[in-house]
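The values are calculated or read from the model by the stated rules, or taken from the named source; none is laboratory data. Remember, predicted model here, so these are calculated numbers, not experimental data. Here the Cβ positions follow ideal geometry from the backbone for every residue, glycine too, while neighbour counts run over all protein chains shown.
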Amino acid sequence: MHFHKAISFKIFRYLCLLTALANAGGNVGMLLFYKPILHLVGAPLPKDLANFAFVAGFSFTVGVLAFMVFLSPYKTVPLLVVGIVGKAIYAFFSFYFYYHGQLHPFYMIFGWWDAVYTVIFFLFLMQLVSPDLTAINRGDILDGVDRPRTNKALFIYFSMTGNGSRAMKRVREGLESRGYSVAEKICEPNETLFHFPFSLLVFIRIMLRAIFRVPTTVKPLDIPDNHPYDLVVVESQTWFVGMSAPVEAVFQDPKNKGIFNGRDVAAVNVCRGLWQRPQAQLIRWLENVGGHIVGARAYENPGHEPIRCFSLFFFLGSGAPGKPAFLKSILTPQHIGPEAEAELVTFGQALADRKKTVTPGVPLSLLPQRATA
Amino acid sequence: MDIINSFLQNATWGPFKDFLQLMSLPPERMKEWLSFLIAFMILCELTRLALATVFTRSVLAHVTRCLLTFAVQAIVLAAVLVWADYRHPGRGWINLGVALLMYVIWYLAGQLVLLARPDTEGADLGFMTVGALITFPVGIIAAIV
């Protein structure tokens, strides 16, 4: 993945303060001075003063909401969602009634303001949710739990087309270069559905199941809770915007919880392009079973869109890369590129060199403020 | 019973009928439908990207995100093109230009998120192209027929 430069947390906070002042202060001002203001801009006086006051009151409330978000953004994320809905609806009706000639152009200032703030709130929301993922996607390797190191790692993954195996091979190289020994457990689905190459019918079945998150089961991993591995690395691909069913099945089986509970865990995702949700799903599962996340990496296959997307379709349809032959020169590879592979070796090394935390099991929820403030 | 009858008889479909008319892209109301379609494309894409890292176990959130990857936008635009051509024949090619503009807006909305979050996918040009393969053939057929 590429780590982009983004608008700072501080700017978004102050944009919230700005609309808080505009909404709360502006509406008090409107109620006090609506006669001279509307006279100044040539707008008619409100026909229904009660409704005018109600709208001002609701708009004032959104100002209070924005102020609360300004004061404590991470604790008020749901308020931001309410703000998005409120401002989007206000903007929608402003435009609607303006176009129907029932609203003086003066009121479009508020319509435009709320339309712009709908987008600003959306963007701020995206920055605020799951900031722990931003920290680990930046490349941070977090401190591990305070337990004896055995220099043994366990890999758990399911690779249908070989891309995941390729990625894990590189992580293994990195770990082994730092003195780790690695054991692998490949998830074996109980259903024969999950195989490659596949027919169109099987593809459609896998696709629909992936979209509707229909679970599957895998054969027992047979790893005792008191296993000797001080690090567990799990890899998952993207199957229709989500993590692959066989890997998810590992977490859905409560018997496997002990494999991860209280251990250092890391996540690797490889895919065509949509890595963000599968990564979030994998990490949340790892946390859910008591794993202590120390690092994660997500990689897209190389190439430019839209040919990369169509290369994947051709690959899945034909069961082999570089087909059809007449398109071979433009089709993109169906595995991660050399740069990603090199980074995964470094990732493995960094995992092996990870520090121990002073306080075991520091919740990840404490990390965001440190990472983004 | 009278109260219920009166209640139902006095209900209005006015806004919905007006909205349906608006989606036929009448030339005299261009600002209106353009504003609405732009807002629709932006909100769909921002919702899709906002759902990337949250509600990770929710089937509803996942299906919504899958649908917003291209299907909803592409099918809605295709339906609008057919409906618009049915109501205002002869504007099919102009409407295709409008659809193209919506795809540009869609892309820009996705890329906008890169400004907010450093670890995000942004617009998915690959699946947008798949969407275009739904919208534009339908629009072209509507324009020709």
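Evaluating residue A:87 against the criteria (1) surrounded by 20 or more Cβ atoms within 10 Å (Cβ to Cβ); (2) over 28 Å from residue B:35 (Cβ atoms); (3) of a type in the set (D, E, K, R) leaves one unmet condition, (2).
Pull up region B:104-113, narrow it to residues that are crowded, with 20+ Cβ neighbours inside 10 Å and either free of Cβ contacts under 8 Å to residues at least 40 places away in the same chain or within 11 Å of chain A (Cβ to nearest Cβ) (or both), then point me to the one that is farthest from residue A:297 (Cα to Cα). Steps first, answer last, please.
Narrowing region B:104-113 to residues crowded, with 20+ Cβ neighbours inside 10 Å: B:106, B:109-110, B:113.
Next, from what is left, pick out any that are either free of Cβ contacts under 8 Å to residues at least 40 places away in the same chain or within 11 Å of chain A (Cβ to nearest Cβ) (or both): B:109, B:113.
Details: B:109: 26, B:113: 20 Å.
Out of the qualifying residues, it is B:109.
Can you confirm whether region A:13-35 contains a residue that is within 14 Å of another protein chain (Cβ to nearest Cβ) and surrounded by fewer than 18 Cβ atoms within 10 Å (Cβ to Cβ)? Among the residues of region A:13-35, at least one is within 14 Å of another protein chain (Cβ to nearest Cβ) and surrounded by fewer than 18 Cβ atoms within 10 Å (Cβ to Cβ), which makes the answer yes. Is it the case that residue B:75 is closer than 17 Å to residue B:20 by Cα, part of a helix (DSSP H, G or I) and more than 9 Å from every other protein chain (Cβ to nearest Cβ)? The answer is yes for residue B:75. Of the residues making up region B:28-58, those that are under 19 Å from residue B:115 (Cα atoms), crowded, with 18+ Cβ neighbours inside 10 Å and either hydroxyl-bearing (Ser, Thr, Tyr) or touching a Pro at 6+ places or on another chain (Cβ under 8 Å) (or both) number 1.
Condition first: more than 7 Å from every other protein chain (Cβ to nearest Cβ), farther than 24 Å from residue A:111 by Cβ and of a type in the set (A, V, I, L, M). Now tell me which residues in region B:30-63 satisfy that. Once the filter is applied, which keeps residues that are more than 7 Å from every other protein chain (Cβ to nearest Cβ), farther than 24 Å from residue A:111 by Cβ and of a type in the set (A, V, I, L, M), region B:30-63 yields B:51, B:60, B:61.
Only one residue in A:249, A:267 is touching a residue at least 24 places away in the same chain (Cβ under 8 Å), assigned to a strand (DSSP E or B) and under 22 Å from the mean Cα position of the chain (by Cα), so which one is that?
Numbers: A:249 fails: assigned to a strand (DSSP E or B).
Going through A:249, A:267 in turn, just one is touching a residue at least 24 places away in the same chain (Cβ under 8 Å), assigned to a strand (DSSP E or B) and under 22 Å from the mean Cα position of the chain (by Cα): A:267.
Among (1) more than 24 Å from residue B:129 (Cβ to Cβ); (2) aromatic (Phe, Trp, Tyr); (3) in contact with a Phe, Trp or Tyr (Cβ under 9 Å, 6 or more places away or on another chain), there is one condition residue B:70 misses while meeting the rest; what is its number? Condition not satisfied by residue B:70: (1). Can you confirm whether region B:64-71 contains a residue that is surrounded by fewer than 17 Cβ atoms within 10 Å (Cβ to Cβ), under 27 Å from residue A:269 (Cα atoms) and facing another protein chain (nearest Cβ under 7 Å)? Checked region B:64-71: no residue is surrounded by fewer than 17 Cβ atoms within 10 Å (Cβ to Cβ), under 27 Å from residue A:269 (Cα atoms) and facing another protein chain (nearest Cβ under 7 Å).
Is it the case that some residue within region A:124-145 is farther than 19 Å from residue A:284 by Cβ, within 14 Å of chain B (Cβ to nearest Cβ) and not in a loop (DSSP other than H, G, I, E, B)? Yes - at least one qualifying residue is present in region A:124-145. Do we find a residue being touching an Asp or Glu at 6+ places or on another chain (Cβ under 7 Å), within 14 Å of another protein chain (Cβ to nearest Cβ) and part of a helix (DSSP H, G or I) anywhere in region B:114-122? No. Within region A:174-231, the set of residues being in a helix (DSSP H, G or I), within 29 Å of the chain's Cα centre (by Cα) and surrounded by fewer than 13 Cβ atoms within 10 Å (Cβ to Cβ) comprises A:204, A:208.
Being out of contact with any strand residue (DSSP E or B) (no Cβ under 7 Å at 6 or more places or on another chain), away from chain B (no Cβ under 14 Å), over 30 Å from residue A:4 (Cβ atoms) and not basic (Lys, Arg) holds for only one residue in A:200, A:154, and it is A:200.
Residue A:207 fulfils the conditions (1) within 27 Å of residue A:336 (Cβ to Cβ); (2) in contact with a Lys or Arg (Cβ under 7 Å, 6 or more places away or on another chain); (3) of a type outside the set (D, E, K, R) except for a single criterion, (2).
Quickly run through region A:283-308 and pick out the residues that are outside any loop (DSSP other than H, G, I, E, B), closer than 19 Å to residue A:237 by Cα and either at pLDDT below 95 or of a type outside the set (Val, Ile, Thr) (or both). Step through it out loud before you land on a result.
Residues of region A:283-308 outside any loop (DSSP other than H, G, I, E, B): A:283-288, A:292-300, A:307-308.
Narrowing the set further to residues that are closer than 19 Å to residue A:237 by Cα leaves A:283-287, A:293, A:295-300, A:308.
Passing the criteria: A:284, A:285, A:286, A:287, A:295, A:296, A:297, A:298, A:299, A:300, A:308.
Residues checked against (1) buried (at least 21 other Cβ atoms within 10 Å of the Cβ); (2) closer than 23 Å to residue B:63 by Cα; (3) basic (Lys, Arg):
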{"position": "A:247", "(1), (2), (3)": "yes, yes, no"}
{"position": "A:257", "(1), (2), (3)": "no, no, yes"}
{"position": "A:269", "(1), (2), (3)": "yes, yes, no"}
{"position": "A:273", "(1), (2), (3)": "no, yes, no"}
{"position": "A:277", "(1), (2), (3)": "yes, yes, yes"}
{"position": "A:288", "(1), (2), (3)": "no, yes, no"}
{"position": "A:296", "(1), (2), (3)": "yes, no, no"}
{"position": "A:329", "(1), (2), (3)": "no, no, no"}
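Would you mind listing the helices (runs of 4 or more DSSP H) fully within region B:1-63 where at least 2 residues are more than 30 Å from residue B:96 (Cα to Cα) and without any contact (Cβ under 8 Å) to a residue 40 or more places away in the chain? First the steps, then the outcome.
Values: elements: B:2-9, B:14-22, B:30-50.
Once the helices (runs of 4 or more DSSP H) in region B:1-63 are filtered for at least 2 residues that are more than 30 Å from residue B:96 (Cα to Cα) and without any contact (Cβ under 8 Å) to a residue 40 or more places away in the chain, what remains is B:2-9.
Hey, does region A:255-271 have a residue that's touching a Gly at 6+ places or on another chain (Cβ under 7 Å), facing chain B (nearest Cβ under 9 Å), under 28 Å from residue A:355 (Cβ atoms) and not basic (Lys, Arg)? So far as region A:255-271 goes, no, none of its residues is touching a Gly at 6+ places or on another chain (Cβ under 7 Å), facing chain B (nearest Cβ under 9 Å), under 28 Å from residue A:355 (Cβ atoms) and not basic (Lys, Arg). Annotation: of all residues in region A:294-329 being hydrophobic (A, V, I, L, M, F, W, C) and away from chain B (no Cβ under 14 Å), the one that is farthest from residue A:174 (Cα to Cα) is A:326.
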